[in-house]
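Asks: My questions all concern the structure below.
Every read-out reported here was derived from the displayed coordinates using simple, explicitly stated rules and does not represent laboratory data. Source: prediction; values computed, not measured. Here the Cβ positions follow ideal geometry from the backbone for every residue, glycine too, while neighbour counts run over all protein chains shown.
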Amino acid sequence: MQYKDITSTNSSKDASPRKLIDINELAALWSVAKATLYNWVNQGRLPHVKLGRSLRFDVQDIEEFRQRGTMGLAGKR
């Protein structure tokens with residue numbers, strides 16, 4: 001079995017480790033119910049990392065997700 005090297009995903013300029021937060025922190029940050037976040041994870045809509053039985057969210061990835069979601073809704077009003 002081969003594993004993907006995730007260390008090479010950061011550009012050479014951005015050598016610092018990426019910050020991961022848990023679902024409680026994300027729910028508080030976005031003022032969204034944890035149940036909603038779990039639904040989005042189960043639907044495959046929200047980028048996440050699974051560490052054992054715990055979910056973690058990369059702050060940069062979720063902010064990009066949030067920007068894409070905001071952009072997508074702007075045209076549907």
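Asks: Order of 52-65, 30-43 by packing, highest average Cβ count within 10 Å first?
Replies: Output ranking for 52-65, 30-43: 52-65, 30-43.
Asks: Something else about it: Can you check what the net charge comes to around residue 34, using other residues whose Cβ is under 13 Å from the Cβ of residue 34 (Lys, Arg +1; Asp, Glu -1)?
Replies: -2
Asks: Let me ask another. Within the set of other residues whose C-beta is less than 12 Å from the C-beta of residue 49, count the net charge using Lys and Arg as +1 and Asp and Glu as -1.
Replies: +1
Asks: Using only C-alpha atoms and all pairs of different ones, pull out the Kirkwood radius for the range 18-74 in Å with one decimal.
Replies: 11.6
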